[in-house]
Every structure is written in structure tokens, then in C-alpha cells.
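J.: Okay, here's the structure, questions in a sec.
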Amino acid sequence: MASEAKGVLVGANGLRTVSGVDKPAAMTRLGVMGGTFDPIHYGHLVAAESARESFGLDRILFVPAGQPPHKAEVPVTAAEHRYAMTLLATASNPRFDVSRIELDRPGPSYTVDTITALRELHGPEAEIFFVTGADAIMEIFSWNRSDALLESCQFIAVTRPGTSARRLQEWVARLEQGHGRRFHRVAVPGVAISSTDIRQRVRDGRPIRYLVPEAVEVYIQKHRLYARA
Ligand code: ATP
Ligand code: MG
């Protein structure tokens, strides 16, 4: 059984896909993938592509955080390196773009400010979907002006190994109850990769091949990122 709401099909498995039939051609459906991307890896890329496909998004905009507010206590690689790696990793996908919006905005990078700016840029008709991993959506109430953020756009939470799919489902249902039907869930092929693990691997001299795109691997070597001092 599938029920329909605003052109989105809700299947028996509870996951939604865009029917596409009643989507106005002119309306932009923009996915926004925020992150520290220190470095970007295949977990980010498969999450973004799965969200894009499942919801018929026109593009995914990767937005590397300039100053990640949640990582104030831990050293983060220079923003320009993280931006460059994000460009390299996404270059071959015509539907992926990278934004400097958080790099060029002074102060901590708050997602709510980014969504506001993107809405001004793309106009009120644009549908904006913020894509997060399961771990990130469960922390959303600790984000700056979370109430305003939760009202500002739609959200696509993707499954991530390490966070139970059932807990994610419960979270999305709770968010929907409190804030309306703007919260979605997508099951992505599980890729148990984290940037933390990649940084540790480099420090330990272990391979990161097949965990990040080759161009990112070469960039990390060239600039000696994450290596022991
Ligand atoms: P770190 O270990 O430094 O926190 P990370 O791998 O979690 O890095 P982030 O830049 O923190 O990467 O994550 C950006 C976004 O991508 C978050 O919403 C996060 O949940 C999501 N994400 C990261 N890795 C994966 C993955 N393997 N599968 C699904 N989502 C992911
Ligand atoms: Mg993280």
C-alpha cells in the first residue's frame, strides 16, 4: 500500500520516493549536505546521491563548514583544504556542487543562517532539503536556533552504520509530530566510514584507498594532512 502526499509516495516500508508526476518542472528541488568534510569520504557521497535519487532532487550542494560550532574543542583542518577536497570528490558528478558560503561568512557556521541565505538566493519557490546522517539529526536540538532551523526547510535523514535504523525512524516520527511533515528518512547502502577513522588511519600509516576518492587520497598525501607531526 502506498499513500500520496504532495507528490511523495510513502511505501509500505515507510520510506518515501518522489512520484514525479505532479512536480512542477520549474520548481527547484535543492539538496544541501552540510559537514566538516575533514576529509570528505564515500559515506558522504553515497548518502548525498541516495537522497538525490530518492527525492528527485535537481542538485546537491555540499557546504563545508567554515568554523564548525560542534568541533570548537578539537583541531579542524584549514577550511580551504576541506573545501578543495570536497571539490575534488564531487567534480565528476554533474549534479553535485560545492558552496563557499560558510567559508566566506565570518564566525561560527550555523546551518540556520546557511538555509536562510540559500532561500534568498534561490527564491521562495525553491524546495530545500537538508541532508544529514542519522547521528547528526539526533543532535539537532543542540544546533543554533534549532526551532527556526527545523521550520526553515525539509530534512532528509539517512541511515548510518553505528546508529540503529529503528531509532532513526522513531526520531523522524517525533520530529514530524512536533514540526510537521517535512522530515524524511532514506535507507542508504551502509558505508561504515568516518572522517575520524580516516584521520586515524593516515596517522597510523594505514591505507585509505577505496575509502575516499583517489583525488582526495592524493591531495592528503601531497599536503601531508593528518600525518603525525
Ligand atoms: P567526523 O568523524 O570528523 O565527525 P564524519 O565522517 O562524521 O566526520 P561529518 O563531516 O561530521 O563526517 O558529517 C557530515 C554529514 O555526513 C553528517 O550529517 C553525517 O551524519 C553524515 N555522514 C558522515 N559519514 C556518513 C556515513 N558513512 N553514512 C551516512 N552519513 C554520513
Ligand atoms: Mg561527524
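J.: Among DSSP beta bridges lying fully in the chain, give the percent that are antiparallel, nearest 5.
T.: Looking only at bridges with both residues in the chain, the antiparallel portion is about 20 percent.
J.: Just the number: Rg to Rh for segment 41-194, Cα atoms, Kirkwood Rh, two decimals.
T.: On the way: Rg = 15.0 Å, Rh = 16.2 Å.
With Rh from the inverse mean 1/r over Cα pairs, Rg/Rh is 0.93.
J.: Moving to a separate point now. Which of T132, T116, T36 moves most in a GNM of the chain, Cα contacts under 10 Å?
T.: Comparing T132, T116, T36 in the GNM, the peak value goes to T116.
J.: Then there's this: Along the Cα→Cβ direction, 7 angstrom out, place labels at H223 and V76. What is the inter-label distance in nm?
T.: 1.4 nm
J.: Length gain on complete extension for the stretch D147 to L121, per 0.36 nm per residue less the alpha carbon to alpha carbon distance? Write down the numbers at each step before the final one.
T.: Numbers: separation 26, 0.36 × 26 = 9.36 nm, distance 2.19 nm.
Taking 0.36 nm per residue and subtracting the Cα distance, the gain is 7.2 nm.
J.: How far, in nm, would the chain grow between V191 and E214 when pulled straight, counting 0.36 nm per residue and subtracting the alpha carbon separation?
T.: Working: separation 23, 0.36 × 23 = 8.28 nm, distance 1.70 nm.
Full extension of this stretch gives 6.6 nm more.
J.: Also, I was wondering about something else. Taking K and R as +1 and D and E as -1, what net charge do the other residues with C-beta under 13 Å from the C-beta of H81 add up to?
T.: On the way: positive: R82, R199, K222, R224; negative: D38, E80.
Counting the neighbours of H81, the net charge comes to +2.
J.: Percent relative contact order of the chain, based on C-alpha pairs within less than 8 angstrom and at least six residues apart? All intermediate terms of the calculation are to be shown ahead of the outcome.
T.: Working: 367 pairs, mean separation 49.4, N = 229.
After rounding, I find 22 percent.
J.: Ok, one more. Could you work out the relative contact order of segment 154-229, using alpha carbon pairs under 8 angstrom and six or more residues apart, expressed as a whole percent? Intermediate values should be presented prior to the final figure.
T.: On the way: 60 pairs, mean separation 21.5, N = 76.
Answer for segment 154-229 is 28 percent.
J.: Which whole-Hz couplings ³J(HN,Hα) result when phi for each residue of segment 203-215 is put into the Karplus expression 6.51 cos²θ - 1.76 cosθ + 1.60, θ = phi - 60°, listed in order with x for Gly and Pro?
T.: Coupling constants for segment 203-215: 4, 8, x, 9, x, 10, 4, 6, 9, 10, x, 4, 4 Hz.
Read-outs throughout are calculated quantities, based only on the coordinates presented, and are distinct from any laboratory measurement. Predicted, not measured: the structure shown is a model, and the values here were computed from it. Reconstructed Cβ throughout: ideal geometry from the backbone, glycine too, with neighbour counts over all protein chains shown.
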